[in-house]
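So the structure is just underneath, and the comments pick up after that.
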Amino acid sequence: MNIFKYLTIIFIGGGIGAILRALLMTILINKTPFFPNTFIINIVGCIFLGFLFQMFLTNSNISPSYQIFLTTGILSAFTTFSTFSLELVTMLETGAQILAIFYAISSLIFGISGIFLGKFLGKILFS
């Protein structure tokens, strides 16, 4: 695949992922404090990534371009480790060490669990 096509696929997918993230944040913003929004988005992203990974493993008919579009494009823009990291640093700098530790550990546990859940759902649907 040529570099222009590769970058175009990521660009389009990234735009879609960013819009989806903004829409979900808009829906959640009035219901929860800021960091649970990122937490929810990252866990949903993990579930989808696990699901897509399993789908790609069991269905070789899915083109590499489409795989890049969905993962590097949409999901990379939808979830964000940088926001998570900024929220953790902000919690630590404002004296919320217990909350920061809880947030970091629960994000890791639920993120990994989300990958397993997505893969499990993918196995059910695609095996």
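The values are calculated or read from the model by the stated rules, or taken from the named source; none is laboratory data. What you are looking at is a predicted structure, and each value in this text was computed from that prediction instead of being measured. FYI the Cβ positions are ideal-geometry reconstructions off the backbone, even for glycines, and counts take in every protein chain you see.
Data table
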| read-out | value |
| --- | --- |
| Qualifying residue in region 29-41 (condition: at pLDDT below 90, assigned to a helix (DSSP H, G or I), over 15 Å from the mean Cα position of the chain (by Cα) and surrounded by fewer than 20 Cβ atoms within 10 Å (Cβ to Cβ)) | yes |
| Selection from region 1-23 of residues that are loosely packed, with under 14 Cβ neighbours inside 10 Å and either in contact (Cβ under 8 Å) with a residue 60 or more places away in the chain or in a helix (DSSP H, G or I) (or both) | MET1, ILE3, PHE4, LYS5, LEU7, PHE11, ILE12, GLY15, ILE19, ALA22, LEU23 |
| Residue within region 63-72 that is modelled with pLDDT under 90, over 17 Å from the mean Cα position of the chain (by Cα) and part of a helix (DSSP H, G or I) present | no |
| Selection from region 78-89 of residues that are part of a helix (DSSP H, G or I) and under 21 Å from THR26 (Cα atoms) | PHE78, PHE81, SER82, THR83, PHE84, SER85, LEU86, GLU87 |
| Tally, over region 95-115, of residues that are surrounded by 14 or more Cβ atoms within 10 Å (Cβ to Cβ) and either of a type in the set (Val, Ile, Thr) or in a helix (DSSP H, G or I) (or both) | 10 |
| Unmet criterion (only one of (1) touching a residue at least 40 places away in the same chain (Cβ under 8 Å); (2) in a helix (DSSP H, G or I)) for LEU92 | (1) |
| Residue match in region 52-68 (condition: touching a Leu at 6+ places or on another chain (Cβ under 8 Å) and either loosely packed, with under 15 Cβ neighbours inside 10 Å or of a type outside the set (S, T, N, Q) (or both)) | yes |
